[in-house]
């Protein structure tokens with residue numbers, strides 16, 4: 001009995017020690033760095049036989065996000081494009097198509113080269129064709145400027161470093177605990193991918209990049225002079241290239257300013273807006289990420305149909321395994337109109353993302369959507385609409 005108590009005491013002590021010494025994702029506050037992701041996906045359904053004519057439904061979309069941060073400034077660019085094509089099965093049904101593209105960018109200049117006050121400039125571009133229209137709408141364009149406070153840190157390199165260390169430990173290549181300083185040093189090397197690409201070229205950068213990762217582990221004292229070996233390099237390559245890790249961000253930003261709609265979809269010059277935005281990110285442990293973004297655009301011209309638009313998007317991602325992520329999303333929007341109904345939209349979704357070989361992912365998603373009120377281009381759906389779908393996506397970056 002005493003031996004059992006002693007064993008349990010030792011296990012508890014070891015667990016407590018490891019918990020106390022484990023690095024937190026929020027400890028990675030490296031300002032210099034870049035984050036990129038890009039996806040493309042498509043769906044096609046064709047039916048024939050027992051109907052008047054061949055029918056089809058097709059959908060394609062692409063999205064990308066690029067973020068660069070440094071002490072004096074940070075900038076971000078993200079965009080998405082989607083299109084749908086369809087033709088009915090009844091004789092005489094004509095083909096229909098619609099598309100929508102949007103591009104948004106921002107540039108932040110930190111006054112004291114820290115994580116406090118900054119001024120910003122922003123720009124938005126939109127181009128679309130609605131399914132009921134014969135041609136595309138006019139270009140939407142908007143610019144904005146203002147001030148803000150706070151900074152969002154990208155801790156994804158640390159998540160990659162933790163994954164690499166855990167993997168090399170499982171193969172007994174690393175046999176000692178890696179200190180917090182050693183983990184951050186490895187993450188800093190991982191964070192410099194673009195710098196290695198620029199210096200050594202796309203064909204050769206990996207051998208120098210991986211070599212410096214190996215040096216970081218040597219400096220941490222967890223591997224010998226012989227390094228991680230050929231097998232270890234292969235494992236690092238597979239983790240970085242195939243086992244894509246969803247972004248890990250922490251911190252918060254708030255910004256406010258004025259915007260000017262230069263041109264609207266109807267071809268008319270737009271109004272001045274008062275803009276506000278709040279962005280918050282928090283990694284929960286090593287496997288989870290929570291991100292929330294809220295935006296408010298107030299139209300300052302009372303003659304416009306719409307008074308203000310509010311949107312809030314909350315995302316929670318949990319890494320079940322190295323190749324499976326559980327993703328949850330709740331998006332809510334409120335459009336306040338000066339005339340007519342206000343519009344409230346809700347969208348809830350949950351699903352799993354399976355990382356396949358060659359950057360392919362297989363997604364299964366269940367979504368619930370509901371819209372109250374009809375105004376502008378909205379269509380009211382008093383009851384919740386339920387959709388379950390699967391798709392294959394390709395991650396470009």
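Among (1) surrounded by fewer than 16 Cβ atoms within 10 Å (Cβ to Cβ); (2) free of Cβ contacts under 8 Å to residues at least 24 places away in the same chain; (3) within 28 Å of residue 268 (Cα to Cα); (4) in contact with a strand residue (DSSP E or B) (Cβ under 7 Å, 6 or more places away or on another chain), there is one condition residue 143 misses while meeting the rest; what is its number?
(2)
Residues checked against (1) over 28 Å from residue 126 (Cα atoms); (2) in contact (Cβ under 8 Å) with a residue 60 or more places away in the chain; (3) touching a strand residue (DSSP E or B) at 6+ places or on another chain (Cβ under 7 Å):
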| residue | (1), (2), (3) |
| --- | --- |
| 227 | yes, no, no |
| 272 | no, no, yes |
| 278 | no, no, yes |
| 306 | no, yes, yes |
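Can you name the residue in segment 367-382 that is at pLDDT 80 or above and either assigned to a strand (DSSP E or B) or touching a helix residue (DSSP H, G or I) at 6+ places or on another chain (Cβ under 9 Å) (or both) and is also nearest to residue 246 (Cα to Cα) among such residues?
Of all residues in segment 367-382, those at pLDDT 80 or above come to 367-373.
Retained after the next criterion (residues that are either assigned to a strand (DSSP E or B) or touching a helix residue (DSSP H, G or I) at 6+ places or on another chain (Cβ under 9 Å) (or both)): 367-372.
On the way: 367: 20, 368: 23, 369: 25, 370: 28, 371: 30, 372: 33 Å.
If we take residues in segment 367-382 being at pLDDT 80 or above and either assigned to a strand (DSSP E or B) or touching a helix residue (DSSP H, G or I) at 6+ places or on another chain (Cβ under 9 Å) (or both), then 367 is nearest to residue 246 (Cα to Cα).
Does segment 5-34 hold any residues that are part of a helix (DSSP H, G or I) and either within 24 Å of residue 116 (Cα to Cα) or modelled with pLDDT of 85 or more (or both), and which are they? Let's see the steps before the verdict.
Our first condition is that a residue be part of a helix (DSSP H, G or I); within segment 5-34, this holds for 5-21, 25-27.
Correct list: 25, 26, 27.
Does residue 181 count as in contact with a helix residue (DSSP H, G or I) (Cβ under 8 Å, 6 or more places away or on another chain), within 17 Å of residue 158 (Cβ to Cβ) and in a helix (DSSP H, G or I)? If you could, list the steps in order and put the result at the bottom.
Values: in contact with a helix residue (DSSP H, G or I) (Cβ under 8 Å, 6 or more places away or on another chain): no; within 17 Å of residue 158 (Cβ to Cβ): yes; in a helix (DSSP H, G or I): yes.
No; evaluated as a whole, the condition is false for this residue.
Go over the candidates 37, 43 one by one and state the one that is farther than 30 Å from residue 186 by Cβ, surrounded by 14 or more Cβ atoms within 10 Å (Cβ to Cβ), at pLDDT 50 or above and in contact with a strand residue (DSSP E or B) (Cβ under 8 Å, 6 or more places away or on another chain). Spell out how you get there, then give the answer.
Working: 37 fails: farther than 30 Å from residue 186 by Cβ.
Exactly one residue qualifies, and that residue is 43.
Per-residue answers, yes or no, for (1) part of a strand (DSSP E or B); (2) within 27 Å of residue 278 (Cα to Cα):
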| site | (1), (2) |
| --- | --- |
| 104 | yes, yes |
| 115 | no, yes |
| 122 | yes, yes |
| 125 | yes, yes |
| 133 | no, no |
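Have a look at 245, 239, 233, 223 and point out the one that is under 21 Å from residue 322 (Cβ atoms) and assigned to a loop (DSSP other than H, G, I, E, B).
Numbers: 239 fails: assigned to a loop (DSSP other than H, G, I, E, B); 233 fails: assigned to a loop (DSSP other than H, G, I, E, B); 223 fails: under 21 Å from residue 322 (Cβ atoms).
The match here is 245.
Quick one: count up the residues across segment 87-110 that are over 22 Å from the mean Cα position of the chain (by Cα) and at pLDDT 95 or above.
Total satisfying the criteria: 2.
Residue-by-condition table, conditions (1) within 30 Å of residue 131 (Cβ to Cβ); (2) outside any loop (DSSP other than H, G, I, E, B); (3) modelled with pLDDT of 90 or more:
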site: 328; (1), (2), (3): yes, yes, yes
site: 341; (1), (2), (3): yes, no, no
site: 365; (1), (2), (3): yes, yes, no
site: 384; (1), (2), (3): yes, yes, no
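The values are calculated or read from the model by the stated rules, or taken from the named source; none is laboratory data. Computed from a prediction, not measured in an experiment: that's the story for all the values here. Using ideal geometry, Cβ is built from the backbone for each residue, glycine included, and neighbour counts are taken over all protein chains shown.
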